[in-house]
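K.L.:
Here's a structure for you.
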Amino acid sequence: MPVVLIGNKRSPEMEKSLSDAPEGTEVRYLPEGGKQVDHLAGVEVIYGRVREEEFQTATDLKWVHQPFAGVEGHMFPAFKQSDVILTNCAGLFGQQISEHAFALLFSLTRRILDQHDFMKRKHWEILPCFEMAGGTMGIVGLGGIGRAIAQRAKAFEMEVLAVDPEPIEKPDYVDRLEKPDWLGEMMSRSNVVVSCSPSTPETHRLISADALGRMQKGSYIINISRGKVVDEEALIEALRSGKLAGAGLDVTYEEPCPKENPLWDFPNVILTSHSAGQSQRYRQRAIQLFIDNLRRFVKGEPLANVVDKEKGY
């Protein structure tokens, strides 16, 4: 039976759930304040992340489960070239991240922050707002999160366009789905563009100065994926010039966002601290996925949510 190291923060909820681990599984928890590199001997499974400097010590490692969706931290050469399986929690974030994306968008289009400022000053003023119904949303990346956002956009009576590199079938709630080479055209047709793309070498600054330049004056951009997907300098210039009406950003190119970054000071930008994936239900869903996969691992069955290490997602 495998030896499992829980590298993420220990919790009573996790301990209770892991009581359902296959019989004979040895579950170890990283001691409080301990260094993971000192506890990898004999470990076959890690729930958490294995860093490049630790990997050479993990000689018995067979499988790593990343309890989030993004896996760019594992994409160092030795790990990519190894036979160690990597799984993640893709598919568990659509609900909460799509809600966060629309919270950012509607806070901008309905001028909620301005109205909140008025409320604190006991000031009454009617502000012009932008109606999204009848508008067009462009989605960069139609995975689980992109699909959840597309469904909600269609419910808000928007036209939905999307680009994705994978050969996926177009859902009924998406009006047009194309490959990434259609990105510029999609952005030119959209009132709001939402980035749902993972961070890979191919998506680095995919939303480029050229792509941003194609957006309609007065449009919006929402990024709830990874900051490195967007050319941040070009985004700042598009905001400064008035090309964009606003941006809702849960992620930035560098995190935490440096205090000197101009994005902090734009009145039409909302920054949240990479918190779109937060949910009172997420932890239990993530642990359950891991337990189900652990049962498959013990039986020698294929695991769910296996990451293609060449593609990076």
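Bear in mind that the values in this text are calculations on the coordinates, not laboratory data. Keep in mind that what you see is a predicted model, and the values were worked out from it rather than measured. Cβ coordinates were reconstructed from backbone atoms using ideal geometry, including for glycine residues, and neighbour counts include every protein chain displayed.
K.L.:
Note down the nm distance, to one decimal, between modelled labels 7 Å out along Cα→Cβ at Lys179 and at Ser241.
P.N.:
Between Lys179 and Ser241, the label points sit 2.9 nm apart.
K.L.:
Right, next: On a full-extension model of 0.36 nm per residue, what is the gain between Ala155 and Glu255, subtracting their alpha-carbon distance, rounded to one decimal in nm?
P.N.:
32.7 nm
K.L.:
GluC sites (Glu not before Pro), restricted to region 212-313: which are DSSP loop and have at most 12 other Cβ atoms within 10 Å?
P.N.:
Passing both the DSSP loop test and the Cβ count: Glu254, Glu260, Glu310.
K.L.:
How would you order 161-167, 96-102 from highest to lowest mean count of nearby Cβ atoms within 10 Å?
P.N.:
96-102, 161-167
K.L.:
Still on this structure: In vacuo Debye scattering of the chain, one point per C-alpha: log10 I(q)/I(0) at q = 0.12, 0.15 Å⁻¹?
P.N.:
Ignoring solvent entirely, the Cα scatterers give -0.86, -1.18.
K.L.:
Which FRET efficiency value, to the nearest 0.05, is calculated for Glu23 and Glu169 with the Förster distance at 41 angstrom and r the Cβ-Cβ distance?
P.N.:
0.50
K.L.:
Want the number for Phe76 to Glu52: 0.36 nm per residue separation, take away the alpha-carbon distance, what's left?
P.N.:
That works out to 8.0 nm of additional length.
K.L.:
Using alpha carbon centroids, what distance separates region 98-147 and region 246-313, in Å?
P.N.:
22
K.L.:
Okay, moving on. Sort Val37, Val229 so the one with the fewest other Cβ atoms within 10 Å of its own Cβ comes first. The partial results should precede the final answer.
P.N.:
Numbers: Val37 14, Val229 23.
Listing Val37, Val229 from fewest to most nearby Cβ atoms yields Val37, Val229.
K.L.:
Given the DSSP H assignment, sum -39500 (n - 2.57) over each helix run of at least 4 residues in the chain and divide by its residue total; what's the result at 222 nm in deg cm²/dmol, nearest 500?
P.N.:
Rounded to the nearest 500, it is -8500 deg cm²/dmol.
K.L.:
Moving on. Hey, which of these cross-link pairs are over 32 Å Cα-Cα: Lys16/Lys154; Lys35/Lys311; Lys122/Lys154; Lys9/Lys80; Lys170/Lys299?
P.N.:
Numbers: Lys16/Lys154 40 Å; Lys35/Lys311 30 Å; Lys122/Lys154 36 Å; Lys9/Lys80 25 Å; Lys170/Lys299 35 Å.
With Cα atoms farther than 32 Å apart: Lys16/Lys154; Lys122/Lys154; Lys170/Lys299.
K.L.:
Considering only Ala209, Ala234, Ala153, whose Cα is most displaced toward the positive end of the charge dipole of region 94-271, charges sitting on Cβ of Lys, Arg (+1) and Asp, Glu (-1)?
P.N.:
Ranked along the dipole, the leading option is Ala153.
K.L.:
Looking at the square roots a ≥ b ≥ c of the eigenvalues of the Cα gyration tensor of region 199-276, which shape do they give, rounded for a/c under 1.5, prolate if a/b is larger than b/c, or oblate?
P.N.:
oblate
K.L.:
Hey, can you rank 145-157, 176-188 by average C-beta count inside 10 Å, highest first?
P.N.:
Descending mean neighbour count gives 145-157, 176-188.
K.L.:
Moving on to the next point. Just to be sure I understand the rule: take each whole DSSP H helix in the chain, project its Cα atoms onto its long axis, keep it if the span is 18 Å or more and its mean Kyte-Doolittle hydropathy is at least 0.5. Which ones pass?
P.N.:
Qualifying helices: 94-109.
K.L.:
Taking the Cβ of Met1 as the centre, find all other residues whose Cβ is under 10 Å away and add up their charges (Lys, Arg: +1; Asp, Glu: -1).
P.N.:
Details: positive: none; negative: Glu23, Glu26, Glu44.
Neighbour charge sum, excluding Met1 itself: -3.
K.L.:
With a sphere of radius 14 Å drawn around the Cβ of Thr25, what net charge do the other residues whose Cβ falls strictly inside it have (Lys, Arg +1; Asp, Glu -1)?
P.N.:
Here the count lands on -1.
K.L.:
Can you run the Rg to Rh ratio on region 94-271? Use alpha carbon positions and the Kirkwood inverse-distance Rh.
P.N.:
Reported Rg/Rh, Kirkwood definition of Rh: 0.96.
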